[in-house]
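A short worksheet on the structure shown next.
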Amino acid sequence: MTKYYCEYCGSTASSVAALVAASCPRHPASAFKGKHKLYDGTEKAQYTCKFCGTKAPSIATLIASDCQRHPDGAFKGKHAPALH
Ligand SMILES: [Zn+2]
Ligand SMILES: [Zn+2]
């Protein structure tokens, strides 16, 4: 079954509609200030941070830790999954 992921928090849903209908606890504007955002890359065995190249086995694991190359400053934000 295809699963759809949120790019911000790693939440999964069985349909895009279900995913983007729910508020995201890690929305960049502020927690629950917006909806989940569909991660429209392919499902992978490993996810890579688009800023620093760190790899993790899931989006949720990747975005749980601070990124040393975050655009807002070192460790000012979390890793973000690259789409490809
Ligand atoms: Zn989310
Ligand atoms: Zn990173």
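The values are calculated or read from the model by the stated rules, or taken from the named source; none is laboratory data. Model, not experiment: these values are computed from the prediction. Glycine gets a Cβ as well: all are built from the backbone with ideal geometry, and neighbour counts include every protein chain shown. Accessible surface is based on the protein model in full, side chains and every heavy atom, while ligands, DNA and RNA are left aside. Shrake-Rupley method; radii C 1.70, N 1.55, O 1.52, S 1.80 Å.
For the range 17-46, the list of trypsin sites (Lys or Arg not before Pro) that fall in a loop by DSSP and count at most 15 other C-beta atoms within 10 angstrom reads 33, 44.
Per residue, the convex hull spanned by the alpha carbons of the chain comes to 77 Å³. Accessible surface computed residue by residue for the chain, with neighbouring protein chains in place and a 1.4 Å probe, gives 59 Å² per residue.
Computed about the Cα centre, the dipole magnitude for the chain is approximately 100 debye when only Lys and Arg (+1) and Asp and Glu (-1) carry charge, each at its Cβ.
I need the fraction of alpha carbon pairs in the range 1-43 separated by more than 15 Å, rounded to a whole percent. Each step should come with its number before you reach the end.
Values: 267 of 903 pairs.
For the range 1-43, the share of Cα pairs beyond 15 Å comes to 30 percent.
The lysine pair tally for the chain, using Cα distances under 22 Å and a gap of 8 or more places or different chains, is 20.
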